[in-house]
1. Among the residues of segment B:64-77, is any part of a loop (DSSP other than H, G, I, E, B) and either within 29 Å of A:PRO90 (Cβ to Cβ) or assigned by TED's automatic domain parsing to the domain that holds B:ALA134 (or both)?
2. Checking B:ALA199 against (1) in contact with a Gly (Cβ under 7 Å, 6 or more places away or on another chain); (2) open to solvent by less than 10 Å² (accessible area, probe 1.4 Å), only one condition comes out false. Which one?
3. Within segment D:95-119, which residues are without any contact (Cβ under 8 Å) to a residue 60 or more places away in the chain and at the interface with chain C (Cβ under 9 Å from one of its Cβ atoms)?
4. Give just the number: which of (1) more than 13 Å from the chain's Cα centre (by Cα); (2) closer than 30 Å to C:PRO221 by Cα does C:GLY255 not satisfy?
5. Out of (1) closer than 25 Å to A:THR243 by Cα; (2) assigned to a strand (DSSP E or B), the odd one out for D:ALA147 is which?
6. Report the residue count in segment B:30-54 for those that are within 7 Å of chain A (Cβ to nearest Cβ) and in a helix (DSSP H, G or I).
7. So which of D:PRO221, D:PRO193 ends up being surrounded by fewer than 24 Cβ atoms within 10 Å (Cβ to Cβ) and without any contact (Cβ under 8 Å) to a residue 24 or more places away in the chain?
8. Just checking: which of the strands (runs of 3 or more DSSP E) contained wholly in segment B:154-235 hold 1 or more residues that are facing chain C (nearest Cβ under 8 Å) and at pLDDT 95 or above?
Number of protein chains: 4
Amino acid sequence: MKQAVVGEDTAIGRANVASTPEREAYYRRLTDVSTYALWTVANVIEPWFPRSTSVPMLWRYEELRPLVLESLKLVRPSEAGRRVVALENPTRKGSSACVGWLYSGLQGMSPGESTSAHRHAAAALRFILEGSGAYTVVDGHKVHLKARDFIITPATAWHDHGVSAEGQVCIWQDGLDMLLVNQLEANFYEVHPDIVQPAPYVANDSPGIYGGPGLIPAIEPWSKPYSPLLKYEWNPTYERLVTAAEVWEGTPFDGVIMQYVNPVTGGSVMPTLSAYVQLLRPNQHTKAHRQTGSYVYTVAKGEGCSIIDGQRFDWGEKDVFVVPSWAVHEHVNASASEDAVLFSFTDQPVMRALGLYREQPFDMNGGFQSLDRQNQV
Amino acid sequence: MKQAVVGEDTAIGRANVASTPEREAYYRRLTDVSTYALWTVANVIEPWFPRSTSVPMLWRYEELRPLVLESLKLVRPSEAGRRVVALENPTRKGSSACVGWLYSGLQGMSPGESTSAHRHAAAALRFILEGSGAYTVVDGHKVHLKARDFIITPATAWHDHGVSAEGQVCIWQDGLDMLLVNQLEANFYEVHPDIVQPAPYVANDSPGIYGGPGLIPAIEPWSKPYSPLLKYEWNPTYERLVTAAEVWEGTPFDGVIMQYVNPVTGGSVMPTLSAYVQLLRPNQHTKAHRQTGSYVYTVAKGEGCSIIDGQRFDWGEKDVFVVPSWAVHEHVNASASEDAVLFSFTDQPVMRALGLYREQPFDMNGGFQSLDRQNQV
Amino acid sequence: MKQAVVGEDTAIGRANVASTPEREAYYRRLTDVSTYALWTVANVIEPWFPRSTSVPMLWRYEELRPLVLESLKLVRPSEAGRRVVALENPTRKGSSACVGWLYSGLQGMSPGESTSAHRHAAAALRFILEGSGAYTVVDGHKVHLKARDFIITPATAWHDHGVSAEGQVCIWQDGLDMLLVNQLEANFYEVHPDIVQPAPYVANDSPGIYGGPGLIPAIEPWSKPYSPLLKYEWNPTYERLVTAAEVWEGTPFDGVIMQYVNPVTGGSVMPTLSAYVQLLRPNQHTKAHRQTGSYVYTVAKGEGCSIIDGQRFDWGEKDVFVVPSWAVHEHVNASASEDAVLFSFTDQPVMRALGLYREQPFDMNGGFQSLDRQNQV
Amino acid sequence: MKQAVVGEDTAIGRANVASTPEREAYYRRLTDVSTYALWTVANVIEPWFPRSTSVPMLWRYEELRPLVLESLKLVRPSEAGRRVVALENPTRKGSSACVGWLYSGLQGMSPGESTSAHRHAAAALRFILEGSGAYTVVDGHKVHLKARDFIITPATAWHDHGVSAEGQVCIWQDGLDMLLVNQLEANFYEVHPDIVQPAPYVANDSPGIYGGPGLIPAIEPWSKPYSPLLKYEWNPTYERLVTAAEVWEGTPFDGVIMQYVNPVTGGSVMPTLSAYVQLLRPNQHTKAHRQTGSYVYTVAKGEGCSIIDGQRFDWGEKDVFVVPSWAVHEHVNASASEDAVLFSFTDQPVMRALGLYREQPFDMNGGFQSLDRQNQV
């Protein structure tokens, strides 16, 4: 008698229909009226657990940086809109995605350049990698950007970017949910009617007003679905990680990990994307776990490696790597003396909003993936 | 000088990079390191507005019914799991989707048959089309089903179905979000360890307790993310539409339209799927509008037509038709004496949860689509 | 050595300061600068548990009814505004409160009479006791009222009442939170500028549109802090109790108890007041428990008694009785063949909103209060 | 004919019933059955707008400080529990309230002293006025306190306080909602079974983990109804006010005003009490307005005055003053060179939770109260 064997398609309730000429003829008649027999695909569209079509992957900054700089000369801003070397998952050619439905790319900009203002139903964020003089304007609020600052340009907000003429070539990492929004057939795009949007507010008013610890301005409640705090500066962020590390052990899987939050809700900075920053103590080796959602990590500080689905990825500063949905992963700080810090962003808020978030510790081998499955990349 | 021309890719900010040998060589070098130049795809992945890959479509019940009945003889329940003639959008071959990422199919079951119990991260709903003796069990709560009842089998809830030996062949429409959940790489599936789940509660306790108007049991708050009211019976639903129609004009676009709601939150019945029922008065012709999200309609009562992106679809009882995201649509009750009632389900809650819901009236031609664009289907 | 003896003021941490001439002189100097020594009142203002200043109490309808009818002749509507015999707790003379800070009274109105329209920051509700032809208008929405209907006239909503000329003398019970709102120094009152407010909507549109089971109109979300369903009719309410009783045992303390809810939130009908209706099966004797919050019960149907803090109160139809905060109470249906139904309203939403709601089963004597503490009233 | 004259009790709908012997006899009969005629009190219990029973008041620290220090010698901690000089509104003798239902007092503690641990349904907060070595422990989390730090000891959390043996005499201001909770008949009090609660966590872990700007730990969601951030340190708070003042004008009524918030919700630190800190620029004179709710201000820095219901109160550092509900108030920084900072706490969250919050600008005399109504206090 058949049993409820988890994970095998011979289990009761799974489809196992042998092909016969009669059935094949029936299937063709179904096709004629734009239908199909569920049992011919049921086991595929009802998988036992998520198997991502993306693979774990790491992009080295030392490889990407020259390509970004080259793009600045290869095409003019007016031709390209933006000069971005975008990351594409090796098993997802043509998807424009670095993992899952997340988009990420490294954007370069030379002093004196700026983009035109636009807005879209997709949400965007930036993590500054190098340079000086960068700024972004979001719905008229200008913020100045320095290396390792984190900035949001939310869905529906007018935004544009630039580098002041006195600055240096800047490179930052963009992250967007636009591929997901496209899959959901809900994307819109508009160019600002004035090309350059007005910026009537005092520069850096957003972090000035909303960047306090446990403090928000006592004004009418903020009603937009994203954070009024547009910039999360690196210095107070890193200081907080160090302070927290003095009083808190952190989590087994991620060390001293903080979520960048919307200060008026305590929730994710935008409805579809969330960002995190985590400190790994010298020599720390976190335990492995897996989560639904797709994850893009950027090394903010330090050197180490991450083991993702049994494969080891060594990383240094500004490298980018991705963890697909439900891939087992653990992180290692390779330094015996310095902390390491990872910035990451993810569509986990989508998982949570739709009731699809799951996480699971790796419960074999003491919580660490087996070494013999590791292959240095 | 270039202008911000909405909708044209010659607008400022859009990508317009001519091909050169140097650039093509650069693109190849990008490909070598799993990257690409954003500007080569930017205008595609940042569309001006949603253009669905699905087309409007109608399936006639008189065509589908014999195929469903045939399936009952063609394969045994133990082979197929379930015998379902599933709907596939003509321009989405291989997607298993009827529109967007929605799945729908017509399931048949003979008296005395039942499925094994299972659960998944996907959410399901059913609308009963014909037959008698059907029942479903959700987390141990059994409900009996009659024609035009609406039932939910939520994500993570154990569920199974059957038809009592004294009943008649039943056909119902299934609707699931599983294809979306698969796209999000977050689906899980489990067969119940006992194959048939226990049903310790009094039959129909869910609608008995939660099916009152403006009343919920005064017990500990329900904490699950879906409605504790599992069955929405047709008779009180239709009575309510008739009663409401006596005191309310309804909306211009949908007539007297009600959302089936979770009575403990007033929100959608499940986090990802919502269902509606709407009454069109005799001869009513609603104004046209468009919305993000995908929509599957089933004709519960009456005859008429819907005009979707300029194409006319005539419908009768139990026919199913779909409206893709952002497709302009309007409905017509063809009878001068009888009301018509449409049941529908949609992933609109996903749009709302992610801040992606938009709607727009059709503002030309007095709010009605031009007749010369209509083609009877 | 002193111990942490719960409930005794000799416990460590409680104040026990003997009087001395020096201390008394100090206290007088404190008084001179509008201060006092905390320890002189600490044990009073930090009680071990709530001891209500109100007592349990029952008012017989047969006593109140003639007084209400007499009031209709004693003063004219134009003099009194409204003719109401209001209930006052015996130990709270001068408070105008029937229990806690709740107001309740029986209002009479003769055919052809009506009140002027007004609104206030206090919330009001009504339970119809007898008569015909009564109506209320809330923000322009008129509803017709019959015996045992429950109606809300929320804070800030314009409202007025009347009895049609063809009707019969009506008596209904009013319940308000106005004494609490006064204690909070937050009450406002306005007379409608037109004395009689316009009623542009179709009569009974509110219950017509919002009175369906698990259905709400698919229109823009209702944004007011109270229920759009203004009237909860008796017939479907009682039917639901009977239906639920067939599939649900109910709670040990309250039988088959339902909360009247705002259908768009599933929460209390108004932010400060909630109402319930509960069916006691023939001969049912509920277990005792206690809760924070004040409770006013009206007997909608049947005969029985309630035991409140050891005192027995026998009740019949239309009698009103009160349970003070943290008073132990249990209910008994005295009939062996008929069910009994209690309507009640309470400020429990205030308790919940402020994090002050507590409840506790009575855990002695098998959950029932000792008989020898009972005294028939 | 009578008109709807706002604010006058001759308006239609208000009660105006002349006394007659017959009516007086009727009233006596009502009293006999614990009832009264609504119209005899209606105009009192339905006021046109809030008229607080409290008066504006200021307590000078230079007067209170010696009295607090004297209390440390007058009674032992073991006798008094705590040595507190509590503030009582002059028109509310016997209420123990400084304004509305708010309690506040100045508590003194000598080095080496500590209280026993307890908890209650009332919520408490502290603002440190002077001294060194103070600490508080809340549910096992110890925090060290310095002058002008703000600390919460929430409802239901075990808490105790002390001053280390190496410290100096400390004075802080306590604020509690206990009088309101008593009015609501919902207070509970417990002494910790171990008298001194264990403190297993690293000292200052709460501010260390939760005190970052726009950052919260990425752990399981905090589920308690109060802030996990227990201490709001003065230095980063003041720095934020100064930073915000550089980019933000502030509000017309309160200058650069920040709410201390629960970082995981963005809401008030506790369900019933909220706290604010506001910077007044040199010579700033805010416009007048009024709000429901009761307000207690403590001068954290600087000198100036506030005009409350036409009465002027001059203040200096550590003075405490109160604004009753609906009292018109405006603030003045008397210094031409230094900023002034006010700390305040309020039951405004109660007003908001119950839908009773209102505010209104003072719209006469250019928004400032008339000088001739001012009397220096």
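1. yes
2. Condition (2) is where B:ALA199 drops out.
3. The answer is D:THR115, and nothing else.
4. Of the numbered conditions (1) more than 13 Å from the chain's Cα centre (by Cα); (2) closer than 30 Å to C:PRO221 by Cα, the odd one out for C:GLY255 is (2).
5. (2)
6. Residues meeting the conditions: 5.
7. Selected residue: D:PRO193, the only one of D:PRO221, D:PRO193 that is surrounded by fewer than 24 Cβ atoms within 10 Å (Cβ to Cβ) and without any contact (Cβ under 8 Å) to a residue 24 or more places away in the chain.
8. The qualifying strands (runs of 3 or more DSSP E) are B:215-217.
The values are calculated or read from the model by the stated rules, or taken from the named source; none is laboratory data. Not measured: the values here are computed from a predicted model. Methodologically, a virtual Cβ is constructed for each residue, glycine included, from the backbone with ideal geometry; neighbour enumeration extends over all protein chains shown. These accessible areas exclude ligands, DNA and RNA; they are computed on the full protein's heavy atoms, side chains included. Shrake-Rupley method; radii C 1.70, N 1.55, O 1.52, S 1.80 Å.
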